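Quick notes on the structure that follows.
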Amino acid sequence: MHEQIVADEDVAESELVTRRGKFHAVAFRYGGHEHMALVHGERPPCDDVLVRVHSECMTGDIFGAVRCECGEQLDAALDAIVGEGSGVFVYLRGQEGRGIGLVAKVRTHVLQDEAGLDTVDSATSLGLPVDTRDYTPAAGILAYLGVRSVRLMSNNPDKIRSLEEHGIQVTARVPLLMPPSADNIAYLRAKRDRLGHDLPQLDQFAVRERHG
């Protein structure tokens, strides 16, 4: 049995037709924020559901910033779910800049551009935590939807641990690897080397750099 993390009175559901097709939209409140789950296909099966848990990134998701790969991951994950015919995309708000907020995130961008700090040091130099994201809301809405186990589209092992701690079994991790570019390579290397993300495509980029 799943713990009831998301209360029934904090959930609203409707159909949502997008350019990719039809989804069942599940808006829900948890932890002072309103989040969204998009369910594609029939009500998801209980096991091995293709899932993306995506942290809000206004600059990347909405405005297409190339400093990160967030917008590309959002598009790729939705395309994968539609291509499979079913799955769940969970969009967690209040997690901008790994939880530091939009204003602080933009301040870290200045330090990255002007002082050459990476995404980790630019946060800590301002006295901010590196990552305060909480994936409890994602586990809660998956449980609400009746999902027991998932194939998680992620490069971040922390998401796997958090979901499993809240009763959602991760039967497989599905890499969500975006091609690196000169604009985001420093960011991606910091995620790999300092935050433990699995990003093997960066090795191929390094080879291309060496050979011009």
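The values are calculated or read from the model by the stated rules, or taken from the named source; none is laboratory data. Predicted model only: the values in this text are computed from it and were never measured. Neighbour counts are summed over all protein chains in view; Cβ atoms, including those assigned to glycine, are modelled from backbone coordinates with ideal geometry.
A few remarks follow.
- Top-ranked residue in segment 17-42 [being without any contact (Cβ under 8 Å) to a residue 24 or more places away in the chain and among the aliphatic types (A, V, I, L, M); ranked as surrounded by the fewest Cβ atoms within 10 Å (Cβ to Cβ)]: VAL17
- Hits in segment 148-162 (condition: over 22 Å from VAL120 (Cβ atoms) and modelled with pLDDT of 95 or more): SER149, VAL150, ARG151, LEU152, MET153
- ILE62 falls short of the stated requirement of being more than 19 Å from LYS191 (Cβ to Cβ) and buried (at least 22 other Cβ atoms within 10 Å of the Cβ).
- Segments classed as strands (runs of 3 or more DSSP E), wholly inside segment 9-102, with at least 2 members that are farther than 22 Å from THR136 by Cβ: 11-18, 21-30
Quick grid of which residues meet (1) more than 19 Å from CYS57 (Cβ to Cβ); (2) in the same structural domain as PRO157 (by TED's automatic domain parsing):
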| residue | (1), (2) |
| --- | --- |
| ALA104 | no, no |
| SER122 | no, no |
| GLY127 | yes, no |
| ALA143 | yes, yes |
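- Enumeration of residues in segment 103-118 that are part of a loop (DSSP other than H, G, I, E, B) and in contact (Cβ under 8 Å) with a residue 60 or more places away in the chain: ASP118
- Filter pass, ASP183 being within 14 Å of the chain's Cα centre (by Cα), over 20 Å from LEU38 (Cα atoms), assigned by TED's automatic domain parsing to the domain that holds VAL90 and in contact (Cβ under 8 Å) with a residue 12 or more places away in the chain: no
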